[in-house]
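One structure below.
The values are calculated or read from the model by the stated rules, or taken from the named source; none is laboratory data. Remember, it's a predicted structure, so these values are computed and weren't measured experimentally. Positions of Cβ are generated from backbone atoms using ideal geometry, with glycine treated the same way; all protein chains shown enter the neighbour counts. Each accessible area value is taken on the protein alone, full model and side chains, heavy atoms only, with ligands, DNA and RNA left out. Shrake-Rupley method; radii C 1.70, N 1.55, O 1.52, S 1.80 Å.
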Amino acid sequence: MAKTPGLKTFPKLLSQKEVDLIVANDEYTKNPGDVLFRYYGDFGYNTPEPTTPPKADAPIRRGAPGKETPPPSPWMLAWGKTLQDRGFFDEMPNQYRVTDWFGSLSAQFKWHIDNHRHGERILAISLSNNRVIGFRKDASSPVFELEQHAGDAYLIAGPIRWSWEHCVLPRGKDKSGGRSFVVSFKRPAQ
């Protein structure tokens with residue numbers, strides 16, 4: 001299938017050195033176990049916009065019911081500001097996720113459209129090589145496969161954000177979907 005309409009891709013958005021700097025933040029990027037996502041920032045409703053830098057006593061922000069999400073770390077906010085300055089976001093991003101798609105965890109995650117708590121603009125930056133993300137209009141549609149390497153990114157925003165499904169497509173003998181750093185913006189509820 002030809003590229004999904006409205007999908008924006010950015011090969012080599014980050015250099016390998018920049019990817020290495022992100023991955024070096026072990027406290028945030030090293031998986032503590034079998035965890036697909038680690039959330040930071042405003043994933044709940046009626047939450048304030050992030051401050052730059054966050055206050056030392058910043059409150060834990062509410063994510064989905066029953067889930068706590070800590071505030072983003074200063075390095076995440078610095079990347080949010082950099083991406084805003086590069087024109088990816090009109091507002092300062094307020095959501096950050098570090099993801100690991102490996103083994104049986106990758107297989108558990110099915111085709112989906114991110115729910116509303118994940119914001120209006122989602123930029124996913126690959127932190128590993130040979131990642132493949134699939135996009136389709138619905139279950140009967142052909143699949144567009146986007147191969148990504150460390151530093152490559154894609155942006156889902158506008159109509160594609162709410163109408164196209166996507167899925168990490170595990171590859172290789174260990175069925176890995178790789179790692180990513182996801183930055184998004186969610187408008188606070190009025």
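A few points about this structure:
- Subset of region 137-158 [surrounded by 15 or more Cβ atoms within 10 Å (Cβ to Cβ) and either assigned to a loop (DSSP other than H, G, I, E, B) or in contact with a Cys (Cβ under 8 Å, 6 or more places away or on another chain) (or both)]: Lys137, Val143, His149, Ala150, Gly151, Asp152, Ala157
- Residue in region 181-189 that is at pLDDT 90 or above and under 17 Å from Lys110 (Cβ atoms) present: no
- The one condition in (1) surrounded by 19 or more Cβ atoms within 10 Å (Cβ to Cβ); (2) modelled with pLDDT under 95 that Ile125 fails to fulfil: (2)
- Qualifying residue in region 163-178 (condition: surrounded by fewer than 15 Cβ atoms within 10 Å (Cβ to Cβ) and outside any loop (DSSP other than H, G, I, E, B)): yes
- Lys110 fulfils the conditions (1) more than 23 Å from Ile22 (Cβ to Cβ); (2) modelled with pLDDT under 90; (3) assigned to a helix (DSSP H, G or I) except for a single criterion, (3).
- Residues being surrounded by 14 or more Cβ atoms within 10 Å (Cβ to Cβ) and either at pLDDT 90 or above or outside any helix (DSSP H, G or I) (or both) - total across region 90-107: 12
- Here Ile22 passes the criteria (1) over 14 Å from the mean Cα position of the chain (by Cα); (2) of a type in the set (A, V, I, L, M); (3) assigned to a helix (DSSP H, G or I) except the one numbered (1).
- Residue ID - least open to solvent (accessible area, probe 1.4 Å), chosen from residues in region 1-36 that are among the hydrophobic types (A, V, I, L, M, F, W, C) and at pLDDT below 80: Leu36
- Scan region 54-81 for residues that are at pLDDT below 70, in contact with a Ser or Thr (Cβ under 9 Å, 6 or more places away or on another chain) and farther than 15 Å from Ser184 by Cβ and the total you get is 4.
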